[in-house]
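Engineer: Take a look at the following structure, please.
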Ligand SMILES: [Zn+2]
């Protein structure tokens, strides 16, 4: 079977002297792995087309029962140059890629995830608040992965939770004051308000929200803990360390 779909390059692994194995997030097939033979050969036809975080329309052949598709054609539609030329924007985009790879194993609405990545990758280079863009994207990914945080009704009794702020990652969200028990945590009012804005107002507006210093990082880590309570495979967010080094002025 042969299929063509636009996709984002989320991971590149050198496979041999001249070949790459790519993990792509595609509009029509979701996450796919492809082998690109000859991709590293100087002057080869894939040269310069398969860079990390670039947007490529790929044509692949797929064999029944095989995990790995074979790349037969590639057309670059978004070079991703601006993302790759700014270390901080690049690290944020890599972090979002790691979220996608951790959350989506198939079965989701792939065009929504694909479009979300496109919107985030376009916004990150120019945004003055990259952590906001990242947090809005992650909140949206949790919804698309079927792990939406419940922010209105108590996850134990189903009644409106009111302003208690008690929270259970394991049970999926907010608790009313009657249902909270020792061991439950409290969601910060600022983070709760931010998540509400994400749901009400969408990507563009929510990515312009301002939080207190360090607030988005706190929000990110809160969503990470939430995701880890619902995601057996676990998230590997190695780009966080890179971002911390950049923010602390290391290197
Ligand atoms: Zn309750």
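Each value in this text was obtained by applying a stated rule to the coordinates, not by laboratory testing. Every value quoted in this text rests on a predicted model; they were computed, and no experiment measured them. As a convention, Cβ positions derive from the backbone with ideal geometry for all residues, glycine included, and neighbour counts pool all protein chains shown.
Engineer: Measure nothing but the geometry: give the 0 to 90° angle between the long axis through the Cα atoms of 215-230 and the longest principal axis through the Cα atoms of the chain, rounded to 10°.
Structural biologist: On a 0 to 90 degree scale, this one is about 80.
Engineer: Which three extents, in whole angstrom, do the alpha-carbon atoms of segment 168-225 cover along their principal axes, largest first?
Structural biologist: Over segment 168-225, Cα extents along the principal axes are 36, 23, 17 Å.
Engineer: Another question about this same structure. Nearest 500 deg cm²/dmol is fine: what mean residue ellipticity at 222 nm does the chain get from its DSSP H runs of n ≥ 4 alone, each adding -39,500 (n - 2.57), divided by its residue count?
Structural biologist: That comes out to -12000 deg cm²/dmol.
Engineer: Please report, in whole Å³, the volume per residue of the convex hull around the C-alpha atoms of segment 2-79.
Structural biologist: Looking at segment 2-79, the number lands at 77 Å³ per residue.
Engineer: Next up: Can you check what the Kirkwood hydrodynamic radius comes to for segment 119-237, Cα pairs only, in Å to one decimal?
Structural biologist: Its Kirkwood hydrodynamic radius stands at 14.7 Å.
Engineer: Convex hull over the Cα atoms of the chain, averaged projected area in nm²?
Structural biologist: Mean projected area of the Cα convex hull: 15.2 nm².
Engineer: Between residue 88 and residue 148, what is the FRET efficiency for a Förster distance of 35 Å, r being their Cβ-Cβ separation, to the nearest 0.05?
Structural biologist: The computed FRET efficiency comes out at 0.75.
Engineer: For segment 2-79, calculate the relative contact order in percent as a whole number, restricting contacts to Cα pairs under 8 Å that are 6 or more residues apart.
Structural biologist: 31
Engineer: If you don't mind, there's one more thing I want to ask. Nearest 10 degrees, 0 to 90: what angle lies between the long axis of helix 189-206 and the longest principal axis of the chain (Cα atoms)?
Structural biologist: Relative to the chain, helix 189-206 is tipped by roughly 40 degrees.
Engineer: Is segment 61-190 rounded, prolate or oblate when judged by the Cα gyration tensor, a ≥ b ≥ c being the square roots of its eigenvalues, rounded requiring a/c under 1.5 and prolate requiring a/b larger than b/c?
Structural biologist: oblate
Engineer: Using alpha-carbon pairs under 8 Å, 6+ residues apart, how would you state the relative contact order of segment 38-86 in percent?
Structural biologist: Relative CO of segment 38-86 lands at 34 percent.
Engineer: With viscosity set to 1.567 mPa s at 4 °C, what whole-number translational diffusion coefficient in µm²/s follows for segment 118-179 from Stokes-Einstein and a Kirkwood radius over Cα pairs?
Structural biologist: Here the translational diffusion coefficient equals 98 µm²/s.
Engineer: Please give the direction-averaged projected area of the C-alpha convex hull for segment 109-148, in square nanometres with one decimal.
Structural biologist: Average of the hull's projected areas for segment 109-148 equals 2.5 nm².
Engineer: When a/c is below 1.5 the answer is rounded, else prolate if a/b is larger than b/c, else oblate, so apply that to segment 35-117 with a ≥ b ≥ c taken from the square roots of the Cα gyration tensor eigenvalues.
Structural biologist: Oblate.
Engineer: What angle do you read, to the nearest 10 degrees and between 0 and 90, between the alpha-carbon axis of helix 110-123 and the longest principal axis of the chain?
Structural biologist: Helix 110-123 sits at roughly 90 degrees to that axis.
Engineer: I would also like to ask the following. Output the relative contact order of the chain, whole-number percent, from Cα pairs under 8 angstrom with separation of 6+ residues.
Structural biologist: Rounded, it is 15 percent for the chain.
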